[in-house]
1. Could you list all residues from region B:11-25 that are crowded, with 24+ Cβ neighbours inside 10 Å and within 9 Å of chain C (Cβ to nearest Cβ)?
2. Answer yes or no as to whether residue D:196 is part of a helix (DSSP H, G or I), surrounded by 16 or more Cβ atoms within 10 Å (Cβ to Cβ) and touching a helix residue (DSSP H, G or I) at 6+ places or on another chain (Cβ under 6 Å).
3. Look through D:271, D:245, D:285, D:296 and report the one residue that is more than 7 Å from chain C (Cβ to nearest Cβ) and within 27 Å of the chain's Cα centre (by Cα).
4. Determine, yes or no, whether residue B:210 is on the phi < 0 side of the Ramachandran plot, away from chain A (no Cβ under 14 Å) and in contact (Cβ under 8 Å) with a residue 12 or more places away in the chain.
5. With respect to residue C:122, determine if the residue is within 13 Å of chain D (Cβ to nearest Cβ), at pLDDT below 95, closer than 30 Å to residue D:217 by Cβ and buried (at least 24 other Cβ atoms within 10 Å of the Cβ).
6. Which members of region A:249-258 meet the condition of being closer than 21 Å to residue A:290 by Cα and either at the interface with another protein chain (Cβ under 7 Å from one of its Cβ atoms) or over 26 Å from the mean Cα position of the chain (by Cα) (or both)?
7. Being out of contact with any helix residue (DSSP H, G or I) (no Cβ under 7 Å at 6 or more places or on another chain), within 30 Å of residue A:32 (Cβ to Cβ) and part of a loop (DSSP other than H, G, I, E, B) is the filter here; which residues of region A:148-181 pass it?
8. May I ask you to verify whether residue A:249 is surrounded by 18 or more Cβ atoms within 10 Å (Cβ to Cβ), under 27 Å from residue B:228 (Cα atoms) and without any contact (Cβ under 8 Å) to a residue 60 or more places away in the chain?
């Protein structure tokens, strides 16, 4: 059991919210992948909260690649990205109050680490660590793009408001990847933002569903058992704080369908074998079939709310109340979007390097 | 990328539908776990189709433990279970027709294995291999029971019909584990069976949602990133043929909730820290919090249907039709139930052995 | 910690000396590797003891490939080879005497497995399990040969008698692979055999050094740290019972050399970059340089001797004596040779599949 | 294939000789291990060259633990140690000359990484990276000491000069761990130093054998196949630049012994089961037997020498000569000693965490 994702391409993340820095080490990257620092910065910006719908904590998110890159390209040896922690408020350094926050990892972490955990600002559990995943993922996304593999995510539902569906994957993905609030339909976007602001005003928070498309994958990737495409993606996606469900092709909404409605008939189109529908989300038997891989992540409402909540003081072992202070988001779904893209890209790089060899993505 | 599940307790499965046998090797089991061959047989029976709602292919499912057990207990060295294939119809051995079945792995497998795959009866992709998982899982389930950890699954929804919810985990799990058709509410069970028979009569198939509860887990199990409880369970669950979605605590239905509704307040009850609600499904920050772990699997309708379907002849590369012959289930959700329990048990054993050491489950 | 070798190509072995069978599962083999059952049988024969210099236990070593092969070629899914145990003497089934054999795993195993281990005939520790490695290795050796990669081992030293050195790797390897007693020099072979027979007559045993050459490896294989060629080979080689030392290029004999004598100057020869000498054994910085990979294994004298030995009765916790009965070898070095070739081949297949992708060896 | 050591306790190293920094991430450490920064600094000093027998490049070796430690103790989450590179000479930044150094990784790395490698000062292959291993290993050594497990290494042979043998492990290890030049016999130490200086004066280099003892290990640690104690240690040890051979209990010198001489009879001594001799080096069947684990590493002479050497210009693909400039050691064996201790400690921590659980070393 480890804090490492992947085997052929393996990412290890480290750091705590209030430590010196966070970071990621990516091992197994092909030599010769071009590093686009502007793109990494762009991706970090998408993750960074901003404006009314975000937390007020704004960080510079400076990052430094300290190894594994030479002459602007990957060397093939471990690439380490470091993101210094700035803007850490000293008042946060108080002794642990004993009050575990509902919906947070405080209590579970205390049981696991026996009180040795860095409890400040959620420590190693902080959503802050997803910045390391986003930086690492940016390298993966760039490498995949060179191979014609695109990844894009939209907020399919937030606070009960539905976005439109994908209509043209190529165009939609391009559009989404340039948006701060990744919603295909403008009206839905405005309604979602209004709902988030309303929740904020109430000291509350909202969640939703992210839907992701990956296009350009060759058929034949994945394993029949355990290292299925669904299994490998979901293992990674459940690492993203607040993700509590992962479905492929809208599976939970389609469980009432009959086999004759759900099966995706094969057809030759444009000289290629395709399926007429894509309920199986580009995956049959755990293996890609050449159609877009489509998955959804259920994102729970942000656990940090400003209403008073019942909880336990684990130092005194007595029932108590907590009112969370500080800078927090009334929603993180719009920020989680780029994290989903990032971990998905890392998983796909791992699968491709396993199948086609360690040089594949750098060729 | 491998056909192996787990690291501290690792299961590798092998075999094809029409080969000599299928089997599983479990490595990393603690020495001294009692082997109950009757229970293994019982579990295999739950997976075996029977009666009107099942396929007509009936197998003896004899199994032999050929290593790793001595004097009725595990030795601590790799345990290999072999399940011979019987009742293989010779007519199935025909040359590959070129017609890939919609919703099946035929085409994806052909792309992955370049035509070297054993295509007979779905080969290594056959649901038949889940018998090896069930046999291996039975050992895990027994070992967990000795530690007070119980696992049970019901068909929460099938063909649009909802079962009742869990009310008393202990009693419900015990009841479910003795049932062939694991539904808590009798009326719902009958309605589901009728719907399955109706689909069968139409040459069609149905799917649904399985819901599973794991009770008795100590708080503090799991990792904050990647090897989260959600991630490890989902990676395994997506191996089960037809599972296309995994959610914890009904996440997809709860995405409209506010944080104040979703967060699970902590409270001291019976001298123990518990949560009032359990929307987080016993897991905070990827780590158990001592509450029951609850998850749902979306099971797609069985892809083998008897209606004519459009498909492609990949030998001739032309559009064609297929009408599937033979013995097949109009639903596999009631059989998949015990597979879910089995892989969940194997994952939990792996996590416990990692956390508490390799001897833990045998002590 | 597992009984599995490799990651891209992974071998798991199972079984005990006195169980129903032993076997190996190989996962990650490329699809389309031709299976030569005669060659597998040939390799098993090389491992099988025969004549005066071997034990009297002769087994048929029947093997069955029960999965992963279709139409005479690998499918790409897990290949399981089973070797039934025959000729198991019932008298061996006695209760554990409490007397742990010096130089054997009896005591260490008892500490590890707390008495649950199958102690009969060394159980899972039996040299018998190397038959599974040899069968699996035969598949690897065949696949490598198709890529121009050859492996051969000779007894470089036995009972104080030295063999000649390799002179022409191609011819020497071909010759060795057809010999039962793999010694390049006939006179040395006869002297070694005489020494082994003499030890047998005295109820004693002898050891020696095996030297192996692998030719045809491309430069650039291996990792700079941890998964070095030396590290990966040695980890596997130390699994072979009685191997207690592994050196590359005769390292232990060359520690007195100066850098100017040891360094291997590069030179262009036949249009290729080669080294003049090969003290580094084809490996620089953990990575192949295109020269033959040469390594030696120190093989301790067989621990099963017929002289009385001091030991402890661990049941009574008192000092005692033991006189080992039964069928045993006065030397296993000539049989271990093919095991060395086998595990080396499996490691090389793993490294090649990692570097060039999972299809590489089947193309 | 990865630059990661271990599974339960896993170390990943990153960095290049002329980059911003090098470092290590250790994942899987128990929570609650006390961090002694003075001891880490002490260990780094032992690795640092000094005086006449060392290179003139002196570095401050400042290190920073940037994650995984809170309140002076490990948290249980990934611990990252960063060691900045200082004193990097700008003249070293020249374009790659095309001349590959004999005995170095230059050519092999160029084949593996296709010219994208950071060639400056050996890049990721630099011995400089062992500082990261030493820093990480210091944490492991401290944790093991708390459990009564001690590790010590002496230069058993250098430039043809033999040191004395271990006589009292406890005292010898304590003495060695405080010495800069770890030789038990003073006369031998002086002779070795003189030989190293003589080699330096000739522009040449020397090698030798390091011998290591690990005491205090419980019996029962290790696996029978593949993850044997010998296999796991050797895989790690071969990562240390210049190590080309690993033997347990002096195996290469003992291959002429008879079984009756080599077997280690068991005896009850001080109420404990021990062996009279320790030729098997504390390991039977891959598993510890409670006796000290003893191993030797053959260290080749440093490849950086100042004599002119034949080599190839791989840019021009023609034969050429090279004369290495700069700061280099005429021997690295005395510095490699602490690296051996470090990686051995990391391997043992990994094995203990696997066997006894992730909390074991922090309790």
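1. The first filter runs over region B:11-25 and keeps only residues crowded, with 24+ Cβ neighbours inside 10 Å, leaving B:11-16, B:19, B:22-25.
Matches in region B:11-25: B:12, B:13, B:14, B:15, B:16, B:19, B:22, B:23, B:25.
2. Details: part of a helix (DSSP H, G or I): yes; surrounded by 16 or more Cβ atoms within 10 Å (Cβ to Cβ): yes; touching a helix residue (DSSP H, G or I) at 6+ places or on another chain (Cβ under 6 Å): no.
Considered against the rule, which asks whether it is part of a helix (DSSP H, G or I), surrounded by 16 or more Cβ atoms within 10 Å (Cβ to Cβ) and touching a helix residue (DSSP H, G or I) at 6+ places or on another chain (Cβ under 6 Å), residue D:196 comes out as no.
3. On the way: D:271 fails: within 27 Å of the chain's Cα centre (by Cα); D:245 fails: more than 7 Å from chain C (Cβ to nearest Cβ); D:285 fails: more than 7 Å from chain C (Cβ to nearest Cβ).
When all the criteria are applied, what remains is D:296.
4. Values: on the phi < 0 side of the Ramachandran plot: yes; away from chain A (no Cβ under 14 Å): no; in contact (Cβ under 8 Å) with a residue 12 or more places away in the chain: yes.
No; evaluated as a whole, the condition is false for this residue.
5. Values: within 13 Å of chain D (Cβ to nearest Cβ): yes; at pLDDT below 95: yes; closer than 30 Å to residue D:217 by Cβ: yes; buried (at least 24 other Cβ atoms within 10 Å of the Cβ): yes.
Answer is yes for this residue.
6. Residues of region A:249-258 that are closer than 21 Å to residue A:290 by Cα, as a first pass: A:249-251.
Result: A:249, A:251.
7. The answer is A:148, A:177, A:178.
8. Details: surrounded by 18 or more Cβ atoms within 10 Å (Cβ to Cβ): yes; under 27 Å from residue B:228 (Cα atoms): yes; without any contact (Cβ under 8 Å) to a residue 60 or more places away in the chain: yes.
Considered against the rule, which asks whether it is surrounded by 18 or more Cβ atoms within 10 Å (Cβ to Cβ), under 27 Å from residue B:228 (Cα atoms) and without any contact (Cβ under 8 Å) to a residue 60 or more places away in the chain, residue A:249 comes out as yes.
The values are calculated or read from the model by the stated rules, or taken from the named source; none is laboratory data. Everything quoted here is computed from the prediction, not taken from an experiment. Don't worry about glycine lacking a Cβ; one is built from the backbone with ideal geometry, like all the others, and counts go over all protein chains shown.
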